[in-house]
1. Counting only other residues whose beta carbon sits under 14 Å from that of residue 69, what net charge do I get with K and R as +1, D and E as -1?
2. Any chance you could count the Lys pairs in the chain whose alpha carbons are under 18 Å apart, treating pairs 8 or more apart or on different chains as valid?
3. Could you tell me the relative contact order of the chain? Use alpha-carbon pairs under 8 Å, at least six residues apart, and round to a whole percent.
4. Note down the net charge around residue 113, summing +1 for each Lys or Arg and -1 for each Asp or Glu among other residues with Cβ under 14 Å from its Cβ.
5. Could you pull out every residue, at least 5 positions away or on a different chain, whose amide H is within less than 5 Å of the one on residue 77? Hs are placed 1.01 Å off N in the peptide plane, and Pro or chain starts have none.
6. Between residue 49 and residue 8, what length in nm is gained on full extension when 0.36 nm per residue of separation is reduced by their alpha carbon distance?
7. In whole Hz, what ³J(HN,Hα) sequence does segment 60-72 give by Karplus (6.51, -1.76, 1.60; θ = phi - 60°), x for Gly and Pro?
8. What does the convex hull of the Cα atoms come to per residue for segment 1-147, in Å³?
Amino acid sequence: HQLHAAELERTFIAIKPDGVQRGLIAEIISRFERKGFKLVAIKIVVPSKEFAEKHYYDLKERPFFNGLCDFLSSGPVIAMVWEGEGVIKYGRKLIGATDPQKSEPGTIRGDLAVVVGRNIIHGSDGPETAKDEIALWFTSSELVSYTSNAEKWIY
Ligand code: RTP
């Protein structure tokens, strides 16, 4: 596999079990795709509780940590890596505020979710987290480098 150019920003995005169960996979992928971001890794997995605890390690002191990890490991999750200029920050913008009651209409959570404990999607919150989360969920051989022709018109 070709190494990706260092300047191509990548973020980790997961559709949580509620988003998968509700049939929102295509809807969510479509929003990232139409924006012009590029999908470079994708898989469906049921994370173990231990794995969920690793993913949410930074929140281990929060009162909702245990319930959150139970929830993430309760069913299939779509794990993805998206690439593109500004994808970490803008991906968060597409997703909307953590609490769906506060996320704007037009965002994924604003349009499709109601409560914070069932907010259908996760996105890395910065470059360091993105790097760590991509490494936690994917091996380097699962990340695909390819040239898309649309890129020269969108980027
Ligand atoms: P995420 O990591 O899932 O993208 O969400 P986030 O950055 O927008 O929010 P964060 O503060 O990192 O919280 C992670 C997830 O924990 C759940 N949560 N529950 N009060 C609660 O019950 C509560 N607060 C947060 C949410 O599922 C949130 O996405």
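1. On the way: positive: 16, 49, 54, 60, 62; negative: 50, 53, 58, 61, 70.
Residues close to residue 69 contribute a combined charge of 0.
2. Close lysine pairs under the 18 Å cut-off: 17.
3. Values: 242 pairs, mean separation 53.3, N = 155.
Once normalised by length, the contact order is 34 percent.
4. On the way: positive: 16, 22, 31, 102, 109, 118; negative: 18, 27, 99, 104, 111.
So the environment of residue 113 carries a net charge of +1.
5. The answer is 45, 46.
6. Values: separation 41, 0.36 × 41 = 14.76 nm, distance 3.18 nm.
Extra length available between residue 49 and residue 8 comes to 11.6 nm.
7. Running phi through 6.51 cos²θ - 1.76 cosθ + 1.60 with θ = phi - 60° gives 4, 8, 6, x, 8, 4, 4, x, 5, 5, 4, 5, 4 Hz.
8. Values: hull volume 15.2 nm³, N = 147.
Cα convex hull per residue, to the nearest whole number: 104 Å³.
Values quoted throughout were computed directly from the atomic coordinates according to the rules given, and no laboratory measurement underlies them. Because the structure is a prediction, the values reported are computed rather than measured. Please note: Cβ atoms are built from the backbone with ideal geometry, for glycine as well, and neighbour counts cover all protein chains shown.
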